Every structure is written in structure tokens, then in C-alpha cells.
1. Please list 50-56, 231-237 highest first by mean number of surrounding beta-carbon atoms within 10 Å per residue.
2. Give a quick list of trypsin sites (Lys or Arg not before Pro) in the range 37-146 that DSSP marks as loop, anything other than H, G, I, E or B, with at most 13 other Cβ atoms within 10 Å.
3. Return a whole-number percent for the relative contact order of the chain, with Cα pairs under 8 Å and 6 or more residues apart as the contact set.
4. Report the FRET efficiency, 1/(1 + (r/R0)^6), for Asp72 and Arg201, where r is their Cβ-Cβ distance and R0 is 35 Å, rounded to 0.05.
5. Taking only DSSP H segments of four or more residues, each worth -39500 (n - 2.57), what value at 222 nm results for the chain once the sum is divided by all its residues, to the nearest 500 deg cm²/dmol?
6. Over the chain, what is the percentage of antiparallel beta bridges among all DSSP beta bridges, to the nearest 5?
7. When you count, for each residue, the other Cβ atoms within 10 Å and take the mean per peptide, how do 195-204, 165-174, 180-189 rank with the highest first?
8. Would you calculate the separation in nanometres between label points at Glu153 and Glu241, each defined as 7 Å from the Cα along the Cα-to-beta-carbon direction?
Amino acid sequence: MSERARQRTSRTAEALRLVSVSKVYGTGDGAVTALDGVTLSLPSGSFTAVMGPSGSGKSTLLQCAAGLDRPDRGQILVDGEEMSGGSEAALTRFRRDRIGFVFQQYNLLPTLTVEENTSLPLRLAGRKANRERVRAILGQVGLGERLGHLPDELSGGQRQRVAIARALVTRPGVVFADEPTGALDTRSAHDVLSLLRETVRLHGSTVVLVTHDPVAASYADSVLFLADGRLAGHLSAPTAEAVAERMTRLGDGAAGRRAGDGPLMGV
Ligand code: ADP
């Protein structure tokens, strides 16, 4: 059975569901409603960008949906399984088993090789680090020849590809990528976004990309817009221009400029 077919049979059709998720920071007069009853559903094998003006709740959505923080209200389900509202240890386990992360600054351990960094989530989870699987994933991201290299010996784009391999190694229900191209040049950004798209197409992974860059968002199958902690629209088969235009309407004057001057324009 192919990897894709295997994942299909072991997965629900819905990778991520949020039901009326709310999060308030602070109390009294200083309280800020960062998320205000967000309900959404992302199918397995989808590539979704989340966009919105600064302060619209993107980071909070990511933190809550990925189990890094807890919402005040609402439910979060990954692959049909509800995220634990229980102990910190249970939440950590849930996150480790079901969620993959790709961060802007790669977060690789400098003293571990490419292969060791990639297998780390398996070892932390007490699972056997299947060498063939780790090497196959590194081959898929184009790093099959760099297994023994240290992060310092790689370019930014290559480091981010290690981070993507590391995010995929546990076969998570959802991979969250938080501004994954924020530190990359145009060419490397294109490579990383294309790789994320390919990962979804070829391997049926589910990717949520949080970004402020309309060009980065245009690599996704669809874009969800946030404003003031609420869903404020949706765009299928997005172009960078359509995303930038929507962002301008949401009140982010910088979006139009970003579409023209951003690091990815011209890709
Ligand atoms: P975005 O990622 O879209 O810029 P955030 O999720 O970071 O938005 O923030 C949403 C709102 O919540 C903003 O008004 C922000 O100031 C507020 N906020 C975020 N984190 C905190 C925090 N730790 N304490 C207080 N307010 C916060």
C-alpha cells in the first residue's frame, strides 16, 4: 500500500476542527479578546493559509490549534480526536503525537546532524527511530546527501527543509508552519513553499500556513482571513493579488505594499 493510501485509510476526512474557540488575554478593563468564537474545519490533505492584519489573532489561533496554549472556550479536534483539556503532560503528548511544527527560525539543534534532528521527535516520543523512514523523508525534501551535516553547514532553505522533514516524521494529523519563509531569500522561500505544497499533494499531509505575505499565501489551496479574532472570509485558489486586495479591505494598509515589495514577489 502506498504511503498516501495508508494515510488515507488511517485518517478521518477532517484533519482539524475548531468549534467556537475563544481566547481572552488579561482581565477587566485590560482584557483583549484575541479569538472570538472561531469555528472552522480543514479536510485532510488540504493546504490552508491563515492571514489577517496585525493583531487579528493569527498567532493565538496557531497557539491554540496546535496545543501550545489553551483556549478559554471551545473545542479543538485533530483527526477526530479532541485535544485534551486535562493535564499539561496529556496536552504535551497530544501535541507530540498529532502535530508537526515548522517555525521561522528553524529551531534545529546545532549539535545534532540532519538525520539526528529529523529523528528527534520520534526519540522524544519514545518511538523507534526507523532509519529507513527518516532517510526516505530526507530524500523527499532533497537532503538525502546531507544526512551527516550539522545545521551550521546548511543554507537557510536547507535548514527549513530539515525542519519540514522533522515535522513530518511522526506522521502528524496537521503541520503548522508559522511564517516559515520569513527568514529566507526569494529563491529559498519559493523552494520551501513548493515543498510544502508537494508534501500535501504527494503524501496527503495537512498543512496550515500562518503568514502575513500574500505571495506565500498564494501557494496554499485556500486562504482563511481573520479580523478582530473572527473569521472574516475565505478565498479558494488564491492569487497573491487577490489576497493582497482582500487584506487591504480588512484594513491592513501594509498588505498592498507587501505584495509588491515582499521577498517573494517575482517568483
Ligand atoms: P496576530 O498574530 O494576528 O498579530 P495575535 O494573536 O498575536 O495577532 O494577537 C491578537 C490580540 O491579542 C492582539 O490584540 C494582541 O495584542 C493580543 N495578545 C496576544 N498575545 C497576548 C498576550 N500574551 N497578552 C495580552 N494580549 C495579547
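Bear in mind that the values in this text are calculations on the coordinates, not laboratory data. This is a predicted model, so every value here is computed, not measured. Here Cβ is always computed from backbone atoms with ideal geometry, including for glycine, and neighbour counts include all displayed protein chains.
1. 50-56, 231-237
2. Within the range 37-146, the qualifying trypsin sites (Lys or Arg not before Pro) (loop, at most 13 other Cβ atoms within 10 Å) are Lys128.
3. RCO, the chain: 24 percent.
4. Using R0 = 35 Å, I get an efficiency of 0.45.
5. -11500 deg cm²/dmol
6. Details: 20 of 37 bridges.
Beta bridges within the chain, antiparallel portion: roughly 55 percent.
7. On the way: 195-204: 17.9, 165-174: 23.1, 180-189: 19.6.
Result, highest mean first: 165-174, 180-189, 195-204.
8. Inter-label distance under the simple model: 4.6 nm.
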